[in-house]
Amino acid sequence: MNLLTAQNLKKSYKGKEVLNCNLSLPVGKVIALVGPNGAGKSTLLNIAAGLVAPTSGSLKMFNSFDPGSDEIRSRVAFVAQDVSLHDSLTVAEMIKVSGCLNRSFTADIARQRIADLGIGLKKKVKELSGGQRAQVSLSLALAKNPDALLLDEPTAALDPLASHEFLASVMQTVAETEISVIFSSHSMSDLARVSDFVTLLAHGQLQLNTDIDNVLSSHWLVRSTVSDINAVDDADIIDIDTNAVVGFHLIRSEDESKLRSFEISKPSLEQIVLAYLRNSRSHDLKQVGEVK
Amino acid sequence: MTPTLWYAIYLSMEIDKVSRDVSESPISFILDGNSGQPTYMQIVQQTENALRLGHLQIGDRLPRVKDVVAGLAINPNTVLKAYRELESRGYVAGKQGIGTFVLSTPAGIELKHYVQLQKSLNEGWLSEARSCGLDNESILAIIQNALLAQPINREKVQTRQDRELA
């Protein structure tokens, strides 16, 4: 089953296209949603959460459900960038409000999680630290007992310890349930640790969409001259290093034997993602290929 | 694997009675983001080191997946991949819902020797046996016979030496 299926999905704001993609994402994964600012990541998550309507095309959740439907409202939880809590309310009041807005909400789950974290229910939201606010938002999201969790840069404003603790909470939920997670972030080290699938959007289009194990096994760092690497058949050149006579080039090839005559090594996920981002910037809006 | 697994669990319960608390693992893991080593490999190597140094003994439990995940903020599949690798190396046995337990330690043989021996077995005699069409049972039977024959041969040698000395 697919978690998310997008067909010819387009979104424009004031005539400017911010998203234009075909995409399918599997269930049961922790999906890293990566891309430069303005790549359409937040737009995609907002459409999936039913908060924004696409300009054209369609997006379905769990094969056949519309994002705004009651079914999806109870099965999909969204934690937004600008953590959606009200400053003047107490934590207990936030729980109550969330209970009124969501049919599938179990207040005890939220209260228990928040108590376990040592956060007082009588505290006002504005008195909480950034890490506590993120944890309260996550607790409210998980109290719906959702099948999917959409996280839009949830750790962007957090200090390293709060960020670590937030991700640990999400990973604990993943270990204990069969929840699917889509997680957007700019922190490659966080994404590499927590994700098992990567979706790379640049200029509103899809650059990579596959298991991280596949990404790691099909990409190579090749050290050679530019002309030597250009002469190889059946290898996609993702990023050429022109800074040296003999540079490190990032190559995609399913067949390692094609590269036998070169000095090769394995790039990290971060090196691969950076290579695609550089490539998409230099090719501007041209789509450079999708790893199946 | 199942009888050995149950033996490991039985063993862990017996040890529990005596001294150690095996409901918790004696070890934990740390991550080095700059090591260049994949996360699952770091877990495999830290476990192997703990086995070699005696921090982990037969019957001990490896840390629960949810505890590792909560401590390191990593994907549960990464921990499962590491535990599967340790299982395929013969050090641990795991069963879903129960836990992963130490079956053997690399003591008495250095890992590089173990790898060399396994490699020479796989590439030499075993592949020859396979090409003759032998199945696992036949292979095991030949190895068992060879092991049974070995001490007798040594005894014969000793007796011959003994006679010569005499």
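The values are calculated or read from the model by the stated rules, or taken from the named source; none is laboratory data. None of these values were measured; they are calculated from a predicted model. Glycine also receives a Cβ, built like all others from the backbone with ideal geometry; neighbour counts cover every protein chain displayed.
For this structure, a couple of remarks:
- Residue match in the stretch A:119-132 (condition: within 14 Å of chain B (Cβ to nearest Cβ), surrounded by 23 or more Cβ atoms within 10 Å (Cβ to Cβ) and not in a loop (DSSP other than H, G, I, E, B)): no
- Residue that is farthest from A:PHE197 (Cα to Cα), among those in the stretch B:65-82 that are within 8 Å of chain A (Cβ to nearest Cβ) and small (Gly, Ala, Ser): B:GLY71
- From B:GLN46, B:GLN57, residue being away from chain A (no Cβ under 14 Å), closer than 24 Å to B:SER23 by Cβ, polar (S, T, N, Q) and assigned to a helix (DSSP H, G or I): B:GLN46
- Scanning the stretch A:3-47 for residues that are among the small types (Gly, Ala, Ser) and in contact with a Lys or Arg (Cβ under 6 Å, 6 or more places away or on another chain) gives a single hit, A:GLY35.
- All conditions but one from (1) in contact with a helix residue (DSSP H, G or I) (Cβ under 6 Å, 6 or more places away or on another chain); (2) assigned to a helix (DSSP H, G or I); (3) within 14 Å of chain B (Cβ to nearest Cβ); (4) aliphatic (A, V, I, L, M) apply to A:ILE114; the one that does not is (3).
- Some residue of the stretch A:90-99 being surrounded by 19 or more Cβ atoms within 10 Å (Cβ to Cβ) and within 25 Å of A:HIS186 (Cα to Cα): no
- Picking from residues in the stretch A:179-234 that are assigned to a helix (DSSP H, G or I), buried (at least 19 other Cβ atoms within 10 Å of the Cβ) and touching a residue at least 40 places away in the same chain (Cβ under 8 Å), the one that is nearest to the other protein chains (Cβ to nearest Cβ) is A:VAL194.
- Residue match in the stretch A:157-172 (condition: more than 14 Å from chain B (Cβ to nearest Cβ), of a type outside the set (D, E, K, R), crowded, with 22+ Cβ neighbours inside 10 Å and part of a loop (DSSP other than H, G, I, E, B)): no
- In the stretch B:75-126, the residues that are at pLDDT 80 or above and on the phi > 0 side of the Ramachandran plot: B:GLY90, B:GLY99
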